[in-house]
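> Have a look at this one.
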Amino acid sequence: MSRRQGALSIPLVLAASLLVAGCATNGGVNRQDAAEANANVGADYLHKGVNDRAQQAFKKALSYDKDNFTANWGMAVVSERLDQPARANRYFQKTLSVRPAPKVYNSYAAFLCEQGKTDQGVANFKRALSAGNPADRADSLANAGLCLYRAHRRDEAADYFRRALKADPKQVVALTHLASIEYHAHRYMSARAFIERADAATKLDADQLLLAARIELALGDRSAAAAYLKRHNANQPTATRSLSQLESSRQ
């Protein structure tokens, strides 16, 4: 998960724009080098969203070395993008058998959560906590919380979000979702504290600005609510809201 937006992605290595057939060594082909070269090309295509070419490059890499880490991971990601979940699952598991890296556990966990396999997803986010960087650990915890939040398991989600903030007090996904949880629990002062911390850490998106405005309305501060709403409307000129509309839609 990126610290700001919560997105998971594999690290992509920039490569040449054409597929590499192989690296000559003493008149032959160094299969591992050829696999890595093609895997890097595939990663570059994946980064650009050219999924078919990425898949071709990863398959070429695996024809040289079936255990190439980048190619297996790339095949998992591109299979997910092409709506081939069973195939994606196989490649994620293969990647982890090659190298059980925290970043792969994160990627696999996000995939499992999207498939509705919440408990399996959370279990894999936990496995990603071996990452050495505190911000990476915070991201894994926040991702686990997000997985539970989307499964409507908000009490469990809140626990993970709070753990994420202990590792990184500026973890935005944790801050904004705790603000939402507190708002819906009618703990408006606590909700305000979380959304203000998020606002100080990043640029709030449209939904987050609406949440902030609703929190202020719940606290009776129409001026602060109007200020958040003004920012929302400036960013969403085709979907502007008024205070009266927001008040009538309060839950």
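> If we keep just the residues of region 172-192 that are hydrophobic (A, V, I, L, M, F, W, C), within 16 Å of Arg162 (Cβ to Cβ) and in a helix (DSSP H, G or I), which is farthest from the chain's Cα centre (by Cα)?
My answer is Ala191.
> Only one of (1) open to solvent by 30 Å² or more (accessible area, probe 1.4 Å); (2) within 23 Å of the chain's Cα centre (by Cα); (3) modelled with pLDDT of 95 or more is not met by Gly74, so which one is it?
Of the numbered conditions (1) open to solvent by 30 Å² or more (accessible area, probe 1.4 Å); (2) within 23 Å of the chain's Cα centre (by Cα); (3) modelled with pLDDT of 95 or more, the odd one out for Gly74 is (1).
> Only residues that are open to solvent by 20 Å² or more (accessible area, probe 1.4 Å) and either modelled with pLDDT under 95 or not basic (Lys, Arg) (or both): list them for region 82-98, please.
Leu82, Asp83, Gln84, Pro85, Ala86, Asn89, Tyr91, Gln93, Leu96, Ser97, Val98
> Also, I was wondering about something else. Out of all the residues in region 143-160, is one or more open to solvent by 10 Å² or more (accessible area, probe 1.4 Å), of a type in the set (A, V, I, L, M, F, W, C) and modelled with pLDDT under 95?
For region 143-160, residues open to solvent by 10 Å² or more (accessible area, probe 1.4 Å), of a type in the set (A, V, I, L, M, F, W, C) and modelled with pLDDT under 95: absent.
> Find the residue count for region 198-240, including only residues that are assigned to a helix (DSSP H, G or I), open to solvent by less than 30 Å² (accessible area, probe 1.4 Å) and of a type in the set (A, V, I, L, M, F, W, C).
Result for region 198-240: 14.
> Now, a different point. Scan Ala201, Ala226, Ala234 and give me the residue that is small (Gly, Ala, Ser) and in contact with a Pro (Cβ under 9 Å, 6 or more places away or on another chain).
After ruling out the rest, the residue left standing is Ala201.
> Report yes if some residue within region 66-82 is without any contact (Cβ under 8 Å) to a residue 12 or more places away in the chain and closer than 30 Å to Ala142 by Cβ; otherwise report no.
no
> Against the definition (among the polar types (S, T, N, Q) and touching a residue at least 40 places away in the same chain (Cβ under 8 Å)), how does Ser107 come out, yes or no?
Yes, satisfied.
> Sticking with this structure for a sec: Being open to solvent by 60 Å² or more (accessible area, probe 1.4 Å) and part of a helix (DSSP H, G or I) is the filter here, so list the residues in region 34-71 that pass it.
Within region 34-71, Glu36, His47, Lys48, Asp52, Arg53, Gln56, Lys59, Lys60, Ser63 qualify.
The values are calculated or read from the model by the stated rules, or taken from the named source; none is laboratory data. Worth saying up front: this structure is predicted, and the values here are computed from it rather than measured. Neighbour counts are summed over all protein chains in view; Cβ atoms, including those assigned to glycine, are modelled from backbone coordinates with ideal geometry. In case anyone asks, the SASA skips ligands and DNA or RNA and just uses the protein heavy atoms, side chains included. Shrake-Rupley method; radii C 1.70, N 1.55, O 1.52, S 1.80 Å.
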